[in-house]
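FYI, it's all coordinate maths here, none of it is from the lab. Values in this document were obtained by computation on a predicted structure and should not be read as measured data. Cβ: placed from backbone, ideal geometry, glycine included. Neighbour counts: every protein chain shown.
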């Protein structure tokens with residue numbers, strides 16, 4: 001294939017399919033999704049506002065929680081325009097550059113959330129298993145360094161595989177299976193050699209997401225061991241938490257893709273506000289002052 005045809009192929013738009021089979025119900029599907037996005041933005045903005053304005057929350061645990069809220073807020077912002085654009089029918093296709101940019105932010109923010117959750121598990125491990133050294137280990141300077149490391153890890157590991165998407169030849173139909181752009185969707189319709197993208201992406205997932213999950217699991221096992229060693233029967237019952245996720249085919253796959261990018265940003269501010277007394281009380285006080 002000539003350079004001209006490759007250039008033309010790569011310059012044409014990519015079709016966002018949205019929710020296959022529900023095209024006639026898009027206006028109804030957009031209502032709950034719009035509410036979810038609004039809750040994501042309001043919930044995470046509230047957590048950030050409370051942490052910023054409450055001096056008693058200026059501690060390591062809440063700095064990490066602020067990082068998580070900021071990550072979740074950014075994840076919502078990275079997908080809202082195409083998801084609702086498809087449902088409201090004012091976006092049907094996106095350019096290659098826009099698609100690559102969105103893919104970068106979605107995957108980069110996913111790695112960032114994993115890194116923040118790992119940092120939060122480390123924070124809880126130190127607080128519970130080594131409380132006397134907590135303030136000396138997690139100083140403000142070290143938290144800033146952890147934050148910079150998380151940002152660098154999430155933003156610098158992604159470009160090699162994402163930038164290469166710009167130079168692939170997309171000769172198959174430019175139809176994506178979601179209402180937003182993902183790396184795996186783009187390489188599926190490419191006719192170029194995608195071995196680098198496939199191998200690099202797999203290595204990245206194993207060395208980051210999988211490794212983070214294993215380290216988080218280990219930290220909570222150690223925390224649980226410490227809690228069980230010192231806790232009463234009643235306290236043990238309060239120490240249990242779990243998360244899960246799975247996927248299947250066509251419409252279910254699309255729905256799960258949206259749940260993947262929306263559920264954590266929606267639930268994290270709710271979960272941590274309920275679990276954390278200081279945040280819960282500050283939010284209650286905020287609403288009380290507004291209503292009085």
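Per-residue Cβ neighbour counts within 10 Å put 123, 185 in the sequence 185, 123, beginning with the fewest.
Got a sec? How would 20, 194, 51 order by Cβ neighbour count within 10 Å, fewest to most? If you can, show how the numbers build up before the last one.
Working: 20 11, 194 16, 51 19.
Listed from fewest to most nearby Cβ atoms, that is 20, 194, 51.
Based on the Cβ-Cβ distance from residue 56 to residue 171, what FRET efficiency comes out when R0 is 51 Å, to the nearest 0.05? Mind dumping the intermediate values first?
Values: r = 59 Å, r/R0 = 1.16.
Computed FRET efficiency for residue 56 and residue 171: 0.30.
As a proxy for reagent exposure, 189, 216 were ordered by neighbouring Cβ count within 10 angstrom, fewest first; the result is 189, 216. Ordering of 138-150, 66-78 by packing is 66-78, 138-150, highest average first (other Cβ atoms within 10 Å, averaged per residue).
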